[in-house]
Amino acid sequence: MYASREDIGYDFGEDSKVGSKPAKPNPNIDGGWAWMIVLSSFLVHILIMGSQMALGILNMEWLEEFNQSRGLTAWVSSLSMGITLIVGPFIGLFISMCGCRTTAIIGGVLNALGWILSAYASNVHYLFLTFGLTAGIGSGMVYLPAVVMVGQYFQKRRALAQGLSTTGTGFGTFLMTALLKYLCSEFGWRNAMFIQGAISLNLCVCGALMRPLSPKDLCEKYVVRSDSEENRAKALSHSTESIKSNGVLGEETEKKEEAASEEVLGSVQHTEIGGKSGSGRSMYGLRLFKTVSQLTVTVRKGFALWYSSYFGAASLFTNRVFVAFIIWALFAYSSFVIPFIHLPEIVKQYNLSRQDNVFPLTSIIAIVHIFGKVILGIISDLPCISTWNVFLMANFTLVTCILTLPLMQTYVGLAVVCALIGFSSGYFSLMPVVTEDLVGTKHLANAYGIIICANGISALFGPPFAGWIYDITQKYDFSFYIAGLLYMVGIIFLLIQPCIQKKQPREKSTEEAQV
């Protein structure tokens, strides 16, 4: 019943002190069961992100079935993608209270239920509720734990591990596109969604594999952090010192509350032992009181950690670089999602369906996306390479491709641009690493929840906006141009803030010299 700290997604190594004897490193850190966690996260990305990126197939079926506008129909896909990410901060609270494993298993059931109920849809608005809301929340409850658990189990090879696990998105997009095409042609889209719902129950198995680490192992993970990674983290997250220093008061208060609760539970245990001669009813009442007390402590601790990260003295929003990261996320993800939703129809308009049926453009993005994530992860783990610089270069390449895509009207031209989109979008594997460098492992679950929430808002409004622009202009060109320009604004915010952070210490030292 009691959710231990190791299952929450935070690092407590700063407060711990290493004993006189050096502790043996846990073989599961950067090895052992850590690779099972990567496998679990890989399968989660196949079943969730891969399925969502293949929704362009179902979007065309819904257009024919319900005969609604492109803008309205696109809301079904965007709601599912957006809500999966928007619920991130609230899922962080759920993780704090129940742990990653329980959260993921419940999410797997919800996701499967959403797919199955959507098979009985009578209109688009019904799909908003079943597929957009129910399946979206379930996806979010599995996705965030899958990312956080990889961050817990890896230290030296974080970028590579995240890269390998998130390649599931590329594999999933390729597999799910082919699967949904086959199922829709053979059984119809309703039966296809029913079958997909049954397949999605495997998310519960993925959640069961998310075995939590002990608090001792998390402390060891923090202690063995390499000097090069610390220097890189300091360079990126200069302003996070205020977060960590301000968080001490909250932790002291938490320790006092924990000690008080332990006294209460201890007294209950003493009474339980001393009163063995009492009636069975009173013993049952004591056990019930003990269980309720443990649950109350768990909820209070989880809510305190969640609240302090967002609104307390240790608020993540005091980190300016992290705030710039959020602004970037608000504009970035829609530029990646729009091609997946609308490319099948663009191909149809250009009379390229024959070539696209042989090798779909979305599959090209998916396959190259796999190599992009692995290669960018390997490059970022090199000691002489900055993860931040790799992240920025990939973003510049992707925004260039988004602005170039409307100019291509041949299959070969579109295929080349789609391949570049797939490779450069491999920076998604670096997002958890960059986030952890900015805020630390302790705040990773809540911080990454905020980032994917911003991505979710971007995914929520991107595809309907592109469909709305098409309804007005009868072209998708302006949709890509506007999305690319907004994306560029987000990148500019990422470039400005680190420069400001570097200037502030210099200005401070100049003032001290004058005094």
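The values are calculated or read from the model by the stated rules, or taken from the named source; none is laboratory data. In this text, all values refer to a predicted model and were calculated from it rather than measured experimentally. A quick note on method: Cβ atoms are made from the backbone with ideal geometry, for glycine too, and the neighbour counts reach across all protein chains shown. Surface accessibility is based on the protein's heavy atoms, side chains included, excluding ligands, DNA and RNA. Shrake-Rupley method; radii C 1.70, N 1.55, O 1.52, S 1.80 Å.
Convert each backbone phi in the range 389-396 into a coupling constant with the Karplus relation 6.51 cos²θ - 1.76 cosθ + 1.60 (shift: θ = phi - 60°), then list the ³J(HN,Hα) values in order as whole Hz, x for Gly and Pro.
Karplus values, whole Hz, x for Gly and Pro: 5, 4, 4, 5, 4, 5, 5, 4.
Please state, rounded to one decimal and in Å, the Kirkwood hydrodynamic radius that the range 305-505 gives when every pair of distinct Cα atoms enters the mean of 1/r. It would help to have the intermediate numbers written out before the result.
Details: mean 1/r = 0.0558 Å⁻¹.
Roughly 17.9 Å, rounded to one decimal.
Please give me the summed charge of the neighbours of Ile365: other residues whose Cβ is under 14 Å from its Cβ, Lys and Arg +1, Asp and Glu -1. Numbers along the way, then the final one.
On the way: positive: Lys373; negative: Asp356.
Here the count lands on 0.
Taking the solvent-accessible surface of protein heavy atoms with a 1.4 Å probe, what is the per residue accessible area of the range 61-197 in Å²? The partial results should precede the final answer.
Details: 4500 Å² over 137 residues.
The answer is 33 Å² per residue.
Using the Karplus curve 6.51 cos²θ - 1.76 cosθ + 1.60 with θ = phi - 60°, what ³J(HN,Hα) values do you get for each residue of the range 33-39, in whole Hz, with x for Gly and Pro?
So the Karplus estimates, Gly and Pro as x, are 5, 4, 6, 5, 5, 4, 4 Hz.
Among Ile137, Cys206, Phe171, flag the residue with its Cα farthest along the positive direction of the charge dipole of the range 28-214, charges on Cβ as +1 for Lys/Arg and -1 for Asp/Glu.
Cys206
Mind ordering 459-470, 478-489, 111-122, 135-146 by average Cβ neighbours within 10 Å, highest first? Mind dumping the intermediate values first?
Working: 459-470: 23.3, 478-489: 18.5, 111-122: 20.3, 135-146: 28.6.
By packing density, highest mean first, the sequence is 135-146, 459-470, 111-122, 478-489.
Given 10 Å bins starting at zero, what is the percent of C-alpha pairs of the range 114-193 in each, up to the one with the largest pair distance?
Answer for the range 114-193: a P(r) of 17, 31, 32, 15, 4, 0 percent.
May I ask you to evaluate 6.51 cos²θ - 1.76 cosθ + 1.60, the Karplus curve with θ = phi - 60°, for each residue of the range 171-188 and list the ³J(HN,Hα) values in order in whole Hz, giving x for glycine and proline?
4, x, 4, 5, 5, 5, 4, 5, 5, 5, 4, 5, 5, 5, 6, 8, 10, x
What is the local net charge at Trp468, summed over the other residues whose Cβ is closer than 15 Å to its Cβ (Lys, Arg +1; Asp, Glu -1)? Write out the running numbers ahead of the final one.
Values: positive: Arg70, Lys475; negative: Glu345, Asp471, Asp477.
For residues surrounding Trp468, the net value is -1.
I need the shape label for the range 28-214. Rule: rounded when a/c is under 1.5, else prolate if a/b > b/c, else oblate, with a, b, c from the alpha carbon gyration tensor. Write out the running numbers ahead of the final one.
On the way: a/c = 2.30, a/b = 1.85, b/c = 1.25.
Prolate is the answer for the range 28-214, as a/c is 1.5 or above and a/b outweighs b/c.
In whole angstrom, how far apart do the alpha carbon centroids of the range 131-170 and the range 445-483 sit?
So the separation of the two Cα centres works out to 22 Å.
When the solvent-accessible surface of protein heavy atoms is calculated with a 1.4 angstrom probe, in what order do Arg157, Arg287 fall, highest first? Can you show the working numbers first?
Working: Arg157 100, Arg287 120 Å².
Solvent-accessible surface, decreasing: Arg287, Arg157.
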